[in-house]
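Structure first, then comments.
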Amino acid sequence: MRPPIRAIAVAVVLAILVALPWAHVSLPGVFGDPLGSPGTLNLLGLCFVFGALALTYDLVFGYTGLLSFGHALYFASGVYVTAIALVRWHWDLPHAIALTVVVSLLLPIVLGSICLRVRDIPFAMVTLAFAQAASILVLQNPGGLTGGEEGLPLGAESLPAALVGVVNTRNLYWLALALLLVTYAVGWWAVNSPPGRVWQAIRENERRVEVLGLDPYRYKLGAFVLSGFLASAAGVVYLLLQGGASPTVATADFTLALLVMVVLGGVGTLWGAVLGGVVYEYLDFRLVALSGAPAIQALPGILRVPLSEPLFILGVLFIVLVLFVPGGLAGFVRLVAVRAL
Amino acid sequence: MSTIALLVITGLALGALYFLIASGLSLIWGLMRVLNFAHGAFFTVASYCAFIAAAALPAGGPWLHFLFAVAVGVGVGGVFAALTEVVLVRPLYERHVGQVLVTVGLALATTALVQGGFGADPRQLELPVWLTGTTTIFAAIPNSRLLTIAAAALVLVLLRFFLQRTRYGLIVRAGVENRAMVSALGIDVQRAFTLVFAIGGMAAGLAGVLAGAYYGTIDPFRGTAMLLFAFIVVVIGGLGSVTGSAVAAVIVGLLQQFLNFYAAAGTGDFAVVVLLAVVLLRRPGGLFGSAT
């Protein structure tokens, strides 16, 4: 009787998440504002986007064993192509998204087919090189397109009315939730499909896959393109949630953050990667607020300084997990569950 | 002519800084197959410790202060790196991805800590007058550039001497070629691991102090920014080859300076990453690496 119980639990959690904007419950300490407030909904929306994004990275890194250091590029292309079409060219949202879909299919096809000609560390470095080139381009602000360091804020006039204003944050929240669910569904379908099995076989032993008469290159490219495309989709939702593009999303640090999210959550599990993305974004955001709390401000400097830096806490947490819990949070949960049974 | 001379020297000096970071990275990768993301943290921590310790020195002229800073930077870099190897990397023996990941975590945590402790803004440094002045060689060349080049050249000579002429250097070179064989011959490769980390950390620490003189300031993020280009240098030069790193560092430094000057700012950086992609796709092992 296990499957029905699980399905019911999932349905209940989903129902709660969908109904959340109507909740006026305060969870002091967990969120700064009441649950249904725009501030909390925005944070949760960002958490969902990062959950989805971490999942897309897990498809290449965790499932196919490709250590890409350029994943930020595909996220950033979703963010920037849409932003440029909306703000600079004054397109409406559907056309901007249509353009983004085309670009976010072509970009990973072209770059992936080049990068995948080499493996391992050279592969990591070539992907890093392309992502870094894009990051430099964004900062250079060619033709005044990207806005350089200042980024590209979306004006209210470039968006449909339902996505503008604090009142409509709930629509963005639902959009982010939908993104996460769709990404999860596509990811689940992909890794359980025949090509998805081949990805995992490539991760375990690429030579063997070749000997079995399959061409690993095509399967790896498939994983790379799917993951890049889904990352761009996450980028579009991120742009709408943030109300603008900023150049940090194209940097190598951003890819490293993705790596941290996936490992934090659990490499090679979909829900682990999602959990990692959600927890990372939540901690990154909330630890800043918590560090301003009087209890922490009253501490002596030697304790206060480290505790006020979210990235310090995340970095240490990350090291501890890598050293002692190789499966990440998902591995930890599974371990506890096995012990409890 | 004077512009070209200035660009050549500045490019060489930048290449010298890259080389100091890249040589350690290259040896660590060659011997242990670990891409060490914490190398930028060694650089940053060493530079902050060095200049804070030097500022706290009660007596002595500016030169004594600077030499003291160099000594502290090299020492702190070496000790920090050796500790990293023993405490964080060694427990993950044979888990290469895990080893890379702990260095990523360490880099994140350390940069955040330095930023929290000393602020995100660049700190102005008190340097000896000669270092902030210039010497005329076809053009007015900042002396800090000359010092950086000389120091890197010295490190290259010392490293080559160590690798070619000493027993431990022999073990390191043999380990880069075939680590399993070295262990099978009954040689303690573990000790060589700590050693290459310490050497790499010392060179990165020196780079941290010299970069302070080069830019006149230190900030928490330069280590990470330079690490990226150092990675590019290592890969272009060929992983595991110190000479390859030196050659690639000069190419990258000059290319970056010339294009950033003659084309728009940022073009040099762009050209460097394009060069990386081209080299890797033509020769995955890098210029001086074995073609694997």
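All of the numbers you see were taken from the coordinates with simple rules; none came from a lab. Because the structure is predicted, anything quoted here is derived from the model rather than measured. Ideal geometry is used to build each Cβ from the backbone, glycine not excepted, and the neighbour counts take in all protein chains shown.
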Please work out the Cα center distance from segment B:213-240 to segment A:1-44, rounded to the nearest Å.
45 Å
What is the Cα centroid distance between segment B:1-68 and segment B:248-292, reported in whole angstrom?
21 Å
Take chain B, connect every pair of alpha-carbon atoms lying under 10 Å apart with a spring to form a Gaussian network, then pick out the residue of B:GLY186, B:GLY212, B:GLY253 with the largest mean-square fluctuation.
B:GLY186
List, largest first, the extents of the alpha carbons of the protein assembly as shown along their principal axes, each in whole Å.
72, 55, 51
So what is the diffusion coefficient of chain A in µm² per second by Stokes-Einstein at 20 °C and 1.002 mPa s, using a Kirkwood Rh over Cα pairs?
102 µm²/s
Choice from B:LEU20, B:LEU206, B:LEU156 with maximal GNM fluctuation in chain B (Cα, 10 Å cutoff)
B:LEU156
GNM flexibility winner over chain A from A:LEU179, A:LEU258, A:LEU323 (Cα, springs under 10 Å):
A:LEU323
For B:LEU239, what charge total do you get from the other residues with a beta carbon under 15 Å from its beta carbon, if Lys and Arg give +1 and Asp and Glu give -1?
+3
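With a Förster radius of 25 Å, plug the Cβ-Cβ distance of B:THR166 and B:LEU83 into 1/(1 + (r/R0)^6) and report the FRET value to the nearest 0.05.
Values: r = 23 Å, r/R0 = 0.93.
E between B:THR166 and B:LEU83, to the nearest 0.05, is 0.60.
Determine, from the Cβ-Cβ distance of A:GLU149 and B:ALA59 and an R0 of 56 Å, the FRET efficiency 1/(1 + (r/R0)^6), rounded to the nearest 0.05. Don't jump to the answer; show the numbers that get you there.
Numbers: r = 44 Å, r/R0 = 0.78.
Result of the calculation: an efficiency of 0.80.
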Loop only per DSSP, at most 15 neighbouring Cβ atoms within 10 Å: give me the chymotrypsin sites (Phe, Trp or Tyr not before Pro) in segment A:147-216, ordered by residue number.
none
Indicate, rounded to the nearest 5 percent, the antiparallel portion of the DSSP beta bridges found entirely in the protein assembly as shown.
100 percent
Check A:GLY244: other-chain or 5+ apart residues with amide H under 5 Å from its amide H, H built from backbone geometry?
A:LEU154
Between the alpha carbon centres of segment A:286-341 and segment A:75-96 the gap in Å comes to 37 Å
Expressed in nanometres to one decimal, the distance between label points 7 Å along Cα→Cβ at A:ILE8 and B:VAL129 is 8.6 nm
Between A:ARG218 and B:ARG282, what FRET efficiency follows from the Cβ-Cβ distance if R0 is 30 Å, with the result rounded to 0.05?
0.85
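Per 0.36 nm of contour for each residue apart, how much would the distance between A:GLU157 and A:ASP33 grow if the chain were fully extended, relative to their Cα-Cα spacing?
Numbers: separation 124, 0.36 × 124 = 44.64 nm, distance 2.84 nm.
Once the chain is fully extended between A:GLU157 and A:ASP33, it gains 41.8 nm.
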With 10 Å bins from zero, work out the P(r) of chain B over every alpha carbon pair and list the percent per bin.
7, 28, 36, 22, 6, 1
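Starting with the fewest neighbours, write out A:LEU307, A:LEU86 ranked by other beta-carbon atoms found within 10 Å of each beta-carbon. Present the calculation step by step, with values, prior to reporting the outcome.
Numbers: A:LEU307 18, A:LEU86 24.
Ordered from fewest to most neighbouring Cβ atoms within 10 Å, A:LEU307, A:LEU86 come out as A:LEU307, A:LEU86.
If exposed means no more than 15 neighbouring beta carbons inside 10 Å and the site is in a DSSP loop, what's the longest run of chain A without any exposed trypsin sites (Lys or Arg not before Pro)?
Numbers: sites that count: A:ARG88, A:ARG117.
No qualifying site falls inside A:118-341, the longest such stretch.
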Find the eigenvalues of the gyration tensor of the Cα atoms of segment B:192-292, then list the square roots of 5 times those eigenvalues as equivalent ellipsoid semi-axes, largest first, in whole angstrom.
22, 22, 10
